[in-house]
Amino acid sequence: MTAPAWPTTALEDDIHALKQTSVFALGQVGFIGHISESERRYRRILQNPTALEDFRRMLDDDSATDEARLYAACGIRALAANEFDTLTRTLRLSGRSVSILRTDILKREPLQYQLRMIGESGCNDAYWR
């Protein structure tokens, strides 16, 4: 018998879903001001004892979206700030852009800029408003 192709635990489900997110959003977003499902998943992963390793893997996972990699960068910044620059270097140099939702405005921004902001300020949602 082979293992099922879908996640089997809540943590695996959160990781799998976060890897597919198409928008990076922190804090109160949208017209009604709510925490995004992706941020909720990120926060749950962050609370897990294996969070740092999970975020490291997500950062290097070619199947993860760049927006998911920003959440992984947030986790790395929060859990191992001294490793942040080294672990995000390749992503920073990629020249790509990401979809960012702030309040109710969705736009594309340079990935390098977002990583610089995460490196400087972390992912405190007060900054991202």
Over the chain, with neighbouring protein chains present, the accessible area per residue in Å² at probe 1.4 Å is 57 Å²
Expected unfolding gain across GLN47-ARG89 under the 0.36 nm per residue rule, minus the alpha-carbon gap, is 12.6 nm
Are there any trypsin sites (Lys or Arg not before Pro) in the stretch 1-103 that are in a DSSP loop and have at most 13 other Cβ atoms within 10 Å? List them by number. ARG96
Percent of Cα-Cα pairs per 5 Å bin, from 0 to the last occupied bin, for the stretch 44-129, please list those. 3, 15, 27, 27, 18, 9, 1
Low-density loop cleavage sites - chymotrypsin sites (Phe, Trp or Tyr not before Pro) in the stretch 51-129, where at most 12 other Cβ are within 10 Å (DSSP): none
Stokes-Einstein D (µm²/s) once Rh is taken as the Kirkwood radius of the stretch 1-81 over alpha-carbon pairs, at 20 °C in 1.002 mPa s: 165 µm²/s
Carbon-plus-sulfur fraction of the accessible area of the chain, 1.4 Å probe, in percent? 52 percent
Efficiency by 1/(1 + (r/R0)^6): what FRET value for ILE105 and ALA17, r their Cβ-Cβ distance, R0 = 25 Å, to the nearest 0.05? 0.60
Using amide H atoms built in the peptide plane, which far-off residues or other-chain residues are under 5 Å from SER97 H to H? LEU111
When the chain is fully extended, how far beyond the present Cα-Cα distance does HIS34 get from GLU120, taking 0.36 nm per residue of separation? 28.5 nm
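The values are calculated or read from the model by the stated rules, or taken from the named source; none is laboratory data. Everything numeric here is computed off the predicted structure, so don't read it as measured data. Virtual Cβ from ideal backbone geometry, glycine too; neighbours counted across all protein chains shown. Calculation scope for accessible area: heavy atoms of the full protein, side chains included, ligands and nucleic acids excluded. Shrake-Rupley method; radii C 1.70, N 1.55, O 1.52, S 1.80 Å.
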